Each structure stands twice: as structure tokens, then as C-alpha cells.
Amino acid sequence: MKKQIIVIHGGDSFKNHQEFLDFLKNFEVSLDDFRPRRDWKTNLQDELGDKFDVLLPRMPNKSNAKYIEWKIWFERMLPFLNKEVILVGHSLGGMFLAKYLSENDFPKKIKQLHLVAAPHNNTGYIADFLIPKSLNRLGKQAANIYFYYSRDDGIVSIAEMEEYKKQLPTAKYIIFKNRGHLRQEKFPELVKLLKNS
């Protein structure tokens with residue numbers, strides 16, 4: 001049986017519709033923002049090979065994400081999962097998984113949990129994805145938890161990692177110097193851990 005990996009992508013979340021409209025009007029863009037982009041998430045299946053089944057669900061309304069919508073869509077996938085899974089979340093996707101697993105019992109065994117550039121409650125745009133005061137349930141459901149951050153990330157500060165460290169001190173924290181928001185095409189450190197799962 002193939003090893004299943006679920007990857008939850010990032011997104012943006014706003015307190016209200018006007019804040020979202022203001023973001024659309026004022027966010028700095030370049031021509032590259034309108035071109036198709038491949039990154040480590042879309043390349044992961046090729047990197048891992050045939051022994052893995054990478055699921056990359058398109059979460060609802062990623063530009064103005066709402067937690068309840070993501071929760072509903074995520075749970076629609078649960079009946080299709082194997083007995084053991086690996087969960088990976090990037091940016092808001094990491095925050096979503098942290099919140100979801102701290103508030104809900106996951107029906108499958110989580111072999112590994114990887115949270116990449118995951119915001120905590122100090123990031124201003126997260127609206128209803130706030131992390132609860134306790135992540136005990138998350139810690140009990142996933143024995144192998146990995147966090148990844150880069151010191152030069154202009155979106156999610158390394159200070160967010162410190163908040164997770166207070167709640168999950170036994171997790172493994174991997175820090176890079178110059179990976180930005182970890183949107184690179186390849187992610188060899190993650191691939192190595194996934195292959196060794």
C-alpha cells in the first residue's frame with residue numbers, strides 16, 4: 001500500500017470583506033504573480049516516486065479563507081485515507097492543521113506532521129484560524145512533529161515559531177537562513193524525512 005501524504009497549501013484570511021477588498025487593491029504585485037508557479041508542493045509526487053500517494057486538495061477560497069469552510073472540505077477527504085497518513089501544511093495550511101488537530105480527534109494514525117512557515121496568533125491576517133491555548137491534543141495525535149522556518153521570511157516571522165515551541169517543546173524545529181516563505185521549487189530536507197517515514 002502506498003504511503004499517503006496530505007499537503008494543505010497556504011492562503012490569506014481577513015477579518016471582514018472590506019479588509020479583503022483593501023488587500024486586493026493595495027497588495028504589491030508583479031507580472032510573476034500572474035504566471036503559473038510550480039513549487040515543492042506540486043513537485044512532491046515526482047520527488048517521492050511511486051511508493052507515495054500525494055494528495056494536494058484545493059482548499060476553498062484560499063484568497064479569503066474561512067476556517068469552517070476549510071474544516072468541512074478537509075473532513076470530506078477523511079473517508080478516503082489509509083490507516084496511517086502523513087500531514088503537511090504550508091503557511092496558513094500549517095496553521096489550519098495545528099488548529100484542527102488541537103480541537104478534533106483525527107480518525108487515522110498520523111505518522112508525521114510537518115508544519116512549514118506556519119503562522120501563530122501573532123500574524124495579523126489570520127482571522128478565524130486562531131490557535132487555541134493548548135495544543136495537547138495535537139501533541140498526542142502526532143508523535144513526530146516538525147516545524148520549518150526561515151529567518152528571512154517576510155510573511156511569517158520566526159517569532160511565530162517561538163510561540164509553537166512554548167506549546168510543543170518536544171517537536172523538532174528546523175530553521176533556515178535564506179529560504180524566505182519556503183516557496184522554493186524543491187524541498188530536499190522535507191523529502192528526506194518523508195522517504196524515511
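Coordinate-derived values only; no laboratory data. Here the structure is a predicted model, which is why all the values come from computation and not from measurement. All Cβ positions, glycine included, derive from the backbone under ideal geometry; neighbour counts span all protein chains shown.
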Separation of the I72 and K166 label points, Cα + 7 Å toward Cβ, nm: 3.4 nm
Please report the relative contact order for segment 3-195, taking Cα pairs under 8 Å with a sequence separation of at least 6, and give it as a percent rounded to a whole number. 24 percent
GNM on the chain, Cα springs under 10 Å; top mean-square fluctuation among D152, D128, D32 goes to D32
Short version: ³J(HN,Hα) in whole Hz for each residue of segment 168-185, in order, from phi by Karplus 6.51 cos²θ - 1.76 cosθ + 1.60 (θ = phi - 60°), x for Gly and Pro, what are they? 10, x, 8, 5, 9, 10, 10, 10, 10, 8, 9, 10, x, 8, 6, 10, 4, 5
When the Cα centres of segment 61-75 and segment 114-164 are compared, how far apart do they sit, in Å? 18 Å
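Would you calculate a helix-derived [θ] at 222 nm for the chain, using -39,500 (n - 2.57) for each DSSP H run of n ≥ 4 and dividing by the full residue count, to the nearest 500?
Details: 7 runs with 65 residues, N = 197.
About -9500 deg cm²/dmol.
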Go ahead and run the numbers for FRET between F80 and R37, Cβ-Cβ distance against an R0 of 25 Å, rounding to 0.05. 0.40
Taking the Cα centre of the chain as origin, work out the dipole magnitude from +1 charges on Lys and Arg Cβ and -1 charges on Asp and Glu Cβ, in debye rounded to 20. 740 debye
Cα→Cβ-extended label distance, 7 Å offset, between A159 and N144, nm: 3.4 nm
Could you state the orientation-averaged shadow area of the convex hull built on the Cα atoms of segment 3-195, in nm² to one decimal? 10.6 nm²
Residues meeting the amide H criterion for F147 (H placed from the backbone, H to H distance under 5 Å, 5 or more places apart or on another chain) are L115, K172, Y173, I174
